[in-house]
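Everything on this sheet refers to the single structure shown next.
The values are calculated or read from the model by the stated rules, or taken from the named source; none is laboratory data. Model, not experiment: these values are computed from the prediction. Because the Cβ atoms are built from the backbone with ideal geometry, glycine has one as well, and the counts that use them run over all protein chains shown. Heads up: the accessible areas ignore ligands, DNA and RNA and are worked out on the full protein's heavy atoms, side chains in. Shrake-Rupley method; radii C 1.70, N 1.55, O 1.52, S 1.80 Å.
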Amino acid sequence: MSAQTLAVSHELKSWLDSQIARGCTAASLIDAMVKSGHPRPYAERVVRGAAGGEAVVDEGSTADDGAFSMMGEGAAQAPNTLVVGEREVQVMFALAAPRTVMFGDFLTADECDRLVELSRSKIKPSLVVDPGTGDFVPDAARTSEGTYFNHAENPLVSSIEARIEQMFGFEPRQQEPMQILRYGVGAEYSPHFDYFNVNEAGGRRQLERGGQRVATLIMYLNEVEAGGATVFPSIGLEVKPRKGCALYFESLDDAENVDPRTLHGGAPVGKGEKWIATKWIRERAYV
Ligand SMILES: O=C(O)CCC(=O)C(=O)O
Ligand SMILES: [Fe+2]
């Protein structure tokens, strides 16, 4: 299976074929898939492929039960382990709204160590998007240091980008470049939204670069001795960093509106340091 091939279960494929044969529109199929828990970008790509007569189904794929898309089937039926290419990713917890899922073993310990190693020499104080201009500027609310990797900058980054596509259906070009953050003792990232505010000039400027941020994946690269949780104050959720785990959340609700319940931040580190890699996902290709 190539990195670009989407995993589609045989059940989903036959359901799509039967619905298309009945004359259902692509839009209604996509809506039905979203209602049953599939991420919308995955649904759109699968349906577009199916309607064009080229539904992507891979007979030999071990991921053919749909990776993340399988999780929409309800807690009792949803698998606790997702097979993504050659990896087995654990589902640690799942919250329905805002859709938030913690995955274990998303990265290997070795992948985490290599990302930290490659970043250590090039990190600088972190920037945030200026609401007025849309430029990236330093900010007291974000006392971490950071750097980033361009798309496919090295084979490790490429393989993580491909894994995100296989797991969630987000093509690499929809993924912003991978951001790396390091927080020392006391460093934090105050609660914020990852989505852009259409009422601010800077937000509108960012929206021109591939649309809204629809989802975020925060990958934890080390064990933090104390503090450093990712906190969601509006819903009372606190996620402790665990090396190799990845926290996924969707910034848009089922009606495709930005969801203020996704307010989140990085709590101050109490002891040790905290390293994360973040992928923000756009509606369309990031330009
Ligand atoms: O440090 C954290 O846990 C949160 C990071 C974050 O919010 C982001 O990268 O957008
Ligand atoms: Fe964030």
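Can you name the residue in the stretch 192-202 that is touching a helix residue (DSSP H, G or I) at 6+ places or on another chain (Cβ under 8 Å) and open to solvent by less than 40 Å² (accessible area, probe 1.4 Å) and is also nearest to ligand 2 (Cβ to nearest atom) among such residues? Only one residue tops the list, namely ASP194.
Please state which one of ILE20, ILE30 is under 18 Å from VAL214 (Cβ atoms), part of a helix (DSSP H, G or I) and modelled with pLDDT of 75 or more. Can you show your working first?
On the way: ILE20 fails: under 18 Å from VAL214 (Cβ atoms).
Selected residue: ILE30, the only one of ILE20, ILE30 that is under 18 Å from VAL214 (Cβ atoms), part of a helix (DSSP H, G or I) and modelled with pLDDT of 75 or more.
Of the residues making up the stretch 203-262, those that are more than 17 Å from the chain's Cα centre (by Cα), away from ligand 2 (no atom under 16 Å from the Cβ) and under 17 Å from ARG182 (Cβ atoms) are ASN222, GLU223, VAL224, GLU225, ALA226, GLY227. Residue count for the stretch 153-170 satisfying the condition of being farther than 17 Å from LEU82 by Cβ and surrounded by fewer than 19 Cβ atoms within 10 Å (Cβ to Cβ): 5.
In this structure, does TYR189 turn out to be closer than 21 Å to PHE232 by Cα, open to solvent by 20 Å² or more (accessible area, probe 1.4 Å), modelled with pLDDT under 95 and assigned by TED's automatic domain parsing to the domain that holds LEU263?
On the way: closer than 21 Å to PHE232 by Cα: yes; open to solvent by 20 Å² or more (accessible area, probe 1.4 Å): yes; modelled with pLDDT under 95: yes; assigned by TED's automatic domain parsing to the domain that holds LEU263: yes.
Answer is yes for this residue.
Only residues that are over 19 Å from ILE180 (Cβ atoms), modelled with pLDDT under 95 and open to solvent by 60 Å² or more (accessible area, probe 1.4 Å) were counted across the stretch 97-132, and they come to 1.
So, in the stretch 134-159, exactly how many residues are touching a Phe, Trp or Tyr at 6+ places or on another chain (Cβ under 9 Å) and in a helix (DSSP H, G or I)?
Our first condition is that a residue be touching a Phe, Trp or Tyr at 6+ places or on another chain (Cβ under 9 Å); within the stretch 134-159, this holds for 134, 141-145, 151, 156-157.
Those still in the list that are in a helix (DSSP H, G or I) too: 156-157.
Adding up the residues that qualify gives 2.
Every residue, every condition in (1) open to solvent by 10 Å² or more (accessible area, probe 1.4 Å); (2) part of a loop (DSSP other than H, G, I, E, B); (3) within 12 Å of ligand 1 (Cβ to nearest atom), yes or no:
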residue	(1), (2), (3)
ARG204	yes, no, no
GLY210	no, yes, no
LEU217	no, no, yes
LYS243	yes, yes, no
ALA255	yes, yes, no
GLY265	no, no, yes
TRP275	no, no, yes
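Checked against the criteria, GLY52 does not count as within 20 Å of SER251 (Cβ to Cβ), modelled with pLDDT under 90 and open to solvent by less than 60 Å² (accessible area, probe 1.4 Å). Listed residues GLN175, GLN179; which is surrounded by fewer than 22 Cβ atoms within 10 Å (Cβ to Cβ) and either modelled with pLDDT of 95 or more or within 16 Å of ligand 2 (Cβ to nearest atom) (or both)? Of GLN175, GLN179, the one residue that is surrounded by fewer than 22 Cβ atoms within 10 Å (Cβ to Cβ) and either modelled with pLDDT of 95 or more or within 16 Å of ligand 2 (Cβ to nearest atom) (or both) is GLN179.
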